[in-house]
Amino acid sequence: MSDRKICIGLLKHVPAYYDVGRNLADFETFAAEAARRGVQLFVTCESYLDGYCVALPECTKGRLEACAQDLQESPVLNRVRELAASYRMHIVFGCTLKTKTGIRNSALFVDADGKDIGVYSKTHLMTPDLVYEPGDSLPVFETALGKIGIMICADRRFPETARTLKLRGAELIVNPTYGMWHLANEWWMRTKAYENECPIAFAHPRVSFVCDPNGEIEAKLQSSRSDILVHDVDLAVSVDTMLPYRRPDLYEIG
């Protein structure tokens, strides 16, 4: 058995709009279940904490800001950290974060000691996300589980996102999202995994799935009820069919 195999849990649950307290309470229940099932890396959907309320026609910036959390002072995020430490589980938690000048659509990444690994904020903003400030980096996080990159929802539309994460060393890309989840999206994600020879874990309120480095679906959960897709991803499985033969000397456009 590979010692690079990690058990990931992708939460498939529709959070409540604006209801931070209820969504945290639900998360506590799901985290306990994930831990019971041996999950080492637990991932929510995009903007889990506020239910991605920005997509609602009546959503105002003020109401969205009321759901936003301070990275250091938030009791909610401190509770997420406590859960991670209690269950010895890494967590990628979708939320709206406050900045000095506004808000960002972010994912807090916490390790199994309850310590922050880092934060990724959505970099590619489209309607209705223009109310947010865009993230300004595409980090790959060094963790005890491996090198992990994050892209949020619409980031997956742009080929540069996943490719940059892969070239920066990502062994796994997790994709919290709330938008499209149709069959075409599944093929797009399979293509992203194939062309970057990197597994991608897609977490959405309606469907969760894992693509392997060859672009095949390793696991999928789609239903009308809340659940967790639990699946082992072997980071020791390496595919180098195409990337070693890239010609970056030809890719300059200037």
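Among the listed pairs 115/220; 61/98; 12/220; 166/220; 98/166; 5/122, which have their C-alpha atoms separated by more than 18 angstrom in this model?
Numbers: 115/220 30 Å; 61/98 12 Å; 12/220 11 Å; 166/220 23 Å; 98/166 29 Å; 5/122 28 Å.
The answer is 115/220; 166/220; 98/166; 5/122.
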Apply the Karplus parameterisation 6.51 cos²θ - 1.76 cosθ + 1.60, with θ equal to phi minus 60°, to every residue of the stretch 76-88 and state each ³J(HN,Hα) to the nearest whole Hz, in sequence, with x for glycine and proline.
-> 5, 5, 5, 5, 4, 4, 4, 5, 4, 5, 5, 9, 6
Who wins for biggest fluctuation among 176, 213, 244 in a Gaussian network model of the chain, springs between alpha carbons below 10 Å?
-> 244
For the stretch 55-111, report the convex hull volume of the alpha-carbon atoms normalised per residue, in Å³, without decimals.
-> 86
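Sorting 226, 106 by accessible area (1.4 Å probe), largest first, what list results?
Values: 226 50, 106 0 Å².
Reading off the accessible areas and sorting them downward yields 226, 106.
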Quick one: how many Å² of residue 26 are accessible to a 1.4 Å probe, rounded to 10?
-> 40
Using a 1.4 angstrom probe with every protein chain in place, what is the largest-first accessible-area order of 238, 121?
-> 238, 121
Excluding ligands and nucleic acids, what accessible area in Å² is computed for residue 182 using a 1.4 Å probe, to the nearest 10?
-> 90
Solvent-accessible surface (1.4 angstrom probe) belonging to residue 60, in square angstrom, nearest 10 | 80
Beyond 16 Å, what percent of the Cα pairs of the stretch 83-139 remain?
-> 47
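In nm², what is the average projected area of the convex hull enclosing the Cα atoms of the stretch 1-142?
Details: hull surface 35.6 nm².
Orientation-averaged projected area of the Cα hull: 8.9 nm².
How much accessible area per residue does the stretch 109-254 have, in Å², with a 1.4 Å probe?
Numbers: 6920 Å² over 146 residues.
Result: 47 Å² per residue.
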Determine the distance separating the Cα centre of the stretch 81-114 from the Cα centre of the stretch 57-74; give it in Å without decimals.
-> 15
Once the Cβ-Cβ distance between residue 25 and residue 82 is put in as r, and R0 is 22 Å, what FRET efficiency do you end up with, to the nearest 0.05?
-> 0.95
With a cut-off of at most 13 other beta carbons within 10 Å, and DSSP calling the residue loop, which GluC sites (Glu not before Pro) in the stretch 147-254 qualify? Please list them.
-> 216, 252
With all protein chains present, the chain has a carbon and sulfur share of its accessible area (1.4 Å probe) in percent of 50
If a/c stays under 1.5 just call it rounded; otherwise compare a/b with b/c (prolate if a/b is bigger, oblate if not). Do that for the stretch 1-67, with a ≥ b ≥ c from the square roots of the Cα gyration tensor eigenvalues.
-> prolate
How would 227, 232 line up by accessible area, probe 1.4 Å, largest first?
-> 232, 227
Measuring from centroid to centroid over Cα atoms, what is the spacing of the stretch 132-186 and the stretch 1-55 in Å?
-> 17
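The values are calculated or read from the model by the stated rules, or taken from the named source; none is laboratory data. Because the structure is a prediction, the values reported are computed rather than measured. Heads up, the Cβs are rebuilt from the backbone with ideal geometry, glycines too, and the neighbour counts pull from every protein chain shown. These area figures cover heavy atoms from the full protein model, side chains too; ligands, DNA and RNA do not enter into them. Shrake-Rupley method; radii C 1.70, N 1.55, O 1.52, S 1.80 Å.
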